[in-house]
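A short write-up of the structure that comes next.
The values are calculated or read from the model by the stated rules, or taken from the named source; none is laboratory data. Worth saying up front: this structure is predicted, and the values here are computed from it rather than measured. Here Cβ is always computed from backbone atoms with ideal geometry, including for glycine, and neighbour counts include all displayed protein chains. When the accessible area is computed, the model is the full protein with side chains, heavy atoms only, and any ligands, DNA or RNA have been set aside. Shrake-Rupley method; radii C 1.70, N 1.55, O 1.52, S 1.80 Å.
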Amino acid sequence: MADSTGKFGVGGLHHLGIPNRRQFFQLGAGAAAGWTLSGNAFAQTERPSSPPDKPRGQVIAALSQEPTVFHPLMPGIEVDQGIWWQVFSLLWYIDPEGNFVPDLAREVPTIENGGLSADGLTWKIKLRSDVKWHDGTPFTAEDVKFSLELINDSNFRARSRVGHSLVKDIKVVAPDEIHWRMEAPYSPYMSILGSLTFIVPKHILEKVSDPNSSPFHNAPVGTGPFRWGERVPGDHILLNANTGYHGKGPYVERVVFKYIPDLTVLYTQFRTGQVDYTGLQGILPNFVQEAKTLKGHKVVVSSTSSVEHIAPNLEFGPFADRAVREALYLGINKQAIIDALYYGLPTQTETFVPQQAWSFQQGLPQHKYDPAKANALLDAAGWVRGSGGVREKGGVKLEFTNSTTSGNAVREQTQQLLIQDWRAIGAAMRVNNMPAAVIWGDFWQQSKFNSVIVGVNFMLGSDPDVTPRFGSGAIPAKGGRGYNTYQYQSAEADRLLAEGARQFDLAQRKTTYGELQKLIRNDLAMLPLFQGFIAEGVKEGLQGFRPNINTSINCWNVREWYWA
Amino acid sequence: MARYVLNRLAQAVMLLVIVSAIGFAILHLAPGGPLSQFAASAQMTQEDLARVSKQLGLDRPLPIQYLDWFGRMLKGDWGKSYRDGEAVLSVISSHLGATLELMITATIIAVLLGCWIGISGALRRYSLFDSLATVSAMIALSIPTFWFGLVTIYVFSVTLGWLPAGNRETVGDGSFLDLLHHLIAPAMVLALVETAMWGRFMRSSMLEVINQDYIRTARAKGMPEWRILTVHALRNALLPMITVAGLQFPTLLGGALVAETVFTWPGMGRLFLDSIGYRDYPVVMGILMFSAMMVLIGSLIADILYAVVDPRIRVG
């Protein structure tokens, strides 16, 4: 199974820069303040060098959101994962190429190595016996059992029980081996375990009276490459190297996650050398060109799993007509949006699967900006232009609202271009934006919108199972369990989703999810714009940064970072 | 006097109850909630969200939630943050120091500079200095703090490289000089509007005093000008400033909110903004109550001081 999920790639890299005199002095000032940068300002090229024998120096990583949830099994957001990756370990993780790499497990279970039964129901995991928790207690199979049972504990505020709820009869057969049975075959579980199921310490958490609140929640103990140091709320989190780490690294003594909420300020601090890396949400597109000219810094633009798209509510009047959806799609000048508003950085896409994934379906019909064809299509479908140039059919006008997060300037500009594009084909769009905490509440979850511009990571780690997004039983507005806010219903899609989740053979799964992508592209359940991207700044001399499309945050491998 | 103080205290308590009820209602009736931030996550399903919502008690009717919160608050339990599980009072206290540091520094700058400008302007009414001070104050009051903050960063950090572009300290340093170095720019930005206000109020107050008969009498008696100014004029001109100081707290807090965002200062202002964004109800309510208390206490102290200084107030 380790190889059976194929490979993911990484987006293009753009490296630049030599510092000018002033910036050199600024970097030097940072070094004088205790940051181990000495000499790094001169390390301008990606010349190969080896990591140091022991941890050296400090990395200041800037994030635009504040990590606040440190129990890795509780509800948290992307930025919290930046801490989880440093403090905790997984049974296995997914590398940038899409491979499952053993971490706490000795090997990734497959049907070939006997870790998985042929029917996918029995899982046998062999664990490392040389791993210790940060407090010195040995890690054992009991910790894995405890973690999986905690997720399913009704008193525990677990983030998600998808996949975990199928786990039954967990047996610790040895301190370094654990077995369990699945209630039903569910192949995406491999990705779920390999993406965000961090293992927590039994010896600490079994003693707490309330699993949702304990000192552990604000001073976590893990088996990861960094130990908890200190947190200054609203400012930073400091982690220290775990010199007893069982894997590669860490190569820096400390990592400081600095919280800088304003993206302009974040970029300025990167520019003035106060931070070494700009993580989530990186550098704004309008600063990328300038950032590339900065000396002593490099900019890495990489793809993410998020797909920026227009989500139509398929139960809303005009959108129920597939001809309307196709005409609207033909009427979008996608490339103009990408070039004018996103500085040409993202690439167009036609599906919910990242183009680097093994499950990506090649050869899907490519979008073409063709307003003439869109007009003809609407004419043929009986949508006639009425007063004011807006089309209507059977008393229903082709007018609708479009919503997105207010304050997101680029998306708001996208809306302006869409208004113009769609006016040309007789569709009237009005803007109805809301703050994040409002729009992503009931408005989105209960399908109260007409259409929304949103970026969604549909993947479960590296798995393309989108049952919660496109399954008929996953429509919250109809009492379903999931996130099918599009209200997409297709018996064929349901069949393919059920089949894909039962299959363990990669070739079979690729066919199944390929068919699903063709179906959803044909039905235009969503109107994809482009695959997400992130531009991150890295100070010259900092080695080891590797974007990973299979994780939600690119500082997943700080353990491999070092100063050249 | 005791009756006056008790009366003012009773009014303050009533106001706090009203503020809490209105604040609670507005916050909870606003669309969205603490769990909406997880909506885009492929990991959490609607069922997961509903389960977590129930575990947090968010599925209960609003009045029940309010009474529960209010009852616990009276017992000193202000609840726990939805974001990090920390006790609200602990969350607030961990951010309070940074804000106080910024506000006190800005206030000291504003009071000293503002009073000097105001007194000098009043004594040299319509002079070049007075005109310049008036125009500068108008400009300062019109400049958005956010914009001024960004300009300050651009000039002093990006272009000149003299000051850090933000943060309260260099991680791992934290020496007094380092703290001071980081404090200069945000305190300067926050003090700008305050200085202008103190300057304007001080000028008016001083003008009013130096035109009084007793000043003229003092001059007629041949009292030295410096003595007239310091002993007679300044003391009386500073009296109305007690009220100004008491009422400045909300303005200062509002300014700190912006300055803290621009300068990545880990204070209450940023905590408040973040908590609203996350719909972290317990923390937002905690800050709201804390701020209301501070404003009321500030106003109460000003009133009492004024009543002490001017006995006519107590009767009125």
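Indicate the gyration tensor shape class of the range A:157-301 (rounded, prolate or oblate), computed on the Cα atoms with a ≥ b ≥ c the square roots of the eigenvalues: a/c under 1.5 is rounded; otherwise a/b larger than b/c is prolate and the rest oblate. Can you show the working numbers first?
On the way: a/c = 2.32, a/b = 1.85, b/c = 1.25.
Prolate shape, in that a/c is at least 1.5 and a/b is the bigger ratio.
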Relative contact order of chain B, pairs being alpha-carbon contacts under 8 Å that are 6 or more residues apart, as %: 27
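Rounded to the nearest 0.05, what FRET efficiency do residue A:169 and residue A:315 give with R0 = 60 Å and r taken as the Cβ-Cβ distance? Could you check? Provide the component values of the computation, followed by the final result.
Values: r = 42 Å, r/R0 = 0.70.
Using R0 = 60 Å, I get an efficiency of 0.90.
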At least 50 Å² accessible surface lost relative to isolated chain, residues of the range A:415-449 (1.4 Å probe): A:437, A:438
Area accessible to solvent at residue A:59, 1.4 Å probe radius, in Å²: 0
Farthest toward positive dipole pole in the protein assembly as shown [+1 Lys/Arg, -1 Asp/Glu at C-beta], among A:545, A:49, B:152: B:152
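Could you give the accessible area per residue of the range B:205-309, probe 1.4 Å, as a whole number in Å²? The partial results should precede the final answer.
Working: 4380 Å² over 105 residues.
Value for the range B:205-309: 42 Å² per residue.
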Minimum 50 Å² accessible area buried by the other protein chains, the range B:41-61 residues, probe 1.4 Å, relative to alone: B:42, B:43, B:44, B:45, B:46, B:47, B:51, B:55
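Let a ≥ b ≥ c be the square roots of the eigenvalues of the Cα gyration tensor of chain B; is it rounded (a/c under 1.5), or, if not, prolate (a/b larger than b/c) or oblate?
On the way: a/c = 2.96, a/b = 1.57, b/c = 1.88.
Here chain B falls in the oblate category.
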Computed [θ] at 222 nm, helices only, for chain A once each DSSP H run of length n ≥ 4 contributes -39500 (n - 2.57): -7000 deg cm²/dmol
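Viscosity 0.692 mPa s, temperature 37 °C: what is the translational diffusion coefficient of the range A:40-145 from Stokes-Einstein with a Kirkwood Rh over Cα pairs, rounded to a whole number of µm²/s? Walk me through the intermediate numbers first.
Working: Rh = 17.4 Å.
Translational D for this selection: 188 µm²/s.
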The protein assembly as shown - Debye-derived log10 I(q)/I(0), Cα point model, q = 0.06, 0.08 Å⁻¹: -0.48, -0.82
Residue-normalised accessible area of chain A, given per residue in Å² at a 1.4 Å probe: 34
Over chain A, relative contact order from alpha-carbon pairs under 8 Å, at least 6 apart, %: 22
For the range A:446-501, the Rg and Dmax computed from alpha carbons only, in angstrom: 11.4, 31
Residues along the range B:131-175 losing 50 Å² or more of accessible surface when the other protein chains are present rather than the chain by itself (probe 1.4 Å): B:158, B:165, B:167, B:171
Helix B:281-309 axis, angle to chain B major axis (alpha carbon atoms, nearest 10°): 20
At q = 0.13 Å⁻¹, base-10 log of I(q)/I(0) for the range A:494-557 (Debye sum, equal scatterers on each alpha carbon): -0.62
Three semi-axes of the equivalent ellipsoid, the range A:407-555, Cα gyration tensor, whole Å, largest first: 27, 26, 16
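Let me make sure I get this right: for the range A:120-210, a, b and c are the square roots of the gyration tensor eigenvalues over alpha carbons, sorted descending. Under 1.5 in a/c it's rounded, otherwise prolate if a/b > b/c, else oblate. Which is it? List each step's numbers first, then the result.
On the way: a/c = 1.81, a/b = 1.23, b/c = 1.48.
It is oblate, given that a/c is not under 1.5 and a/b is not larger than b/c.
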The protein assembly as shown - percent of accessible surface contributed by carbon and sulfur, probe 1.4 Å: 60
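For the range B:42-118, with every protein chain kept in place, what is the accessible area per residue (1.4 Å probe, Å²)?
On the way: 3610 Å² over 77 residues.
In whole numbers, the range B:42-118 has 47 Å² accessible per residue.
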Principal-axis tilt of helix A:78-87 within chain A, Cα atoms, nearest 10 degrees: 20
For the range A:389-431 and the range A:450-527, distance of Cα centres in Å: 26
Between the range A:250-311 and the range B:178-251, the alpha-carbon center distance in angstrom: 46
Set of lysines near residue A:334 by C-alpha distance (under 18 Å), chain-local residues within fewer than 8 positions excluded: A:368, A:373
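Tell me the total accessible area that A and B bury against each other, 1.4 angstrom probe, in square angstrom rounded to 100. Mind showing how you got there, number by number?
On the way: alone 21740 and 17530 Å², together 34600 Å².
The buried area between A and B, both sides summed, comes to about 4700 Å².
Just want to confirm a number: the relative contact order over the range A:389-468, from Cα pairs under 8 angstrom separated by 6+ residues, in percent. Mind dumping the intermediate values first?
On the way: 91 pairs, mean separation 27.6, N = 80.
Result for the range A:389-468 is 34 percent.
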Over the range B:152-303: Rg over Rh, Cα atoms, Kirkwood Rh: 1.13
Residue pairs, from the table A:54/A:145; A:54/A:298; A:258/A:292; A:124/A:248; A:448/A:510; A:397/A:518, whose Cα atoms sit over 28 Å apart: A:54/A:145; A:448/A:510; A:397/A:518
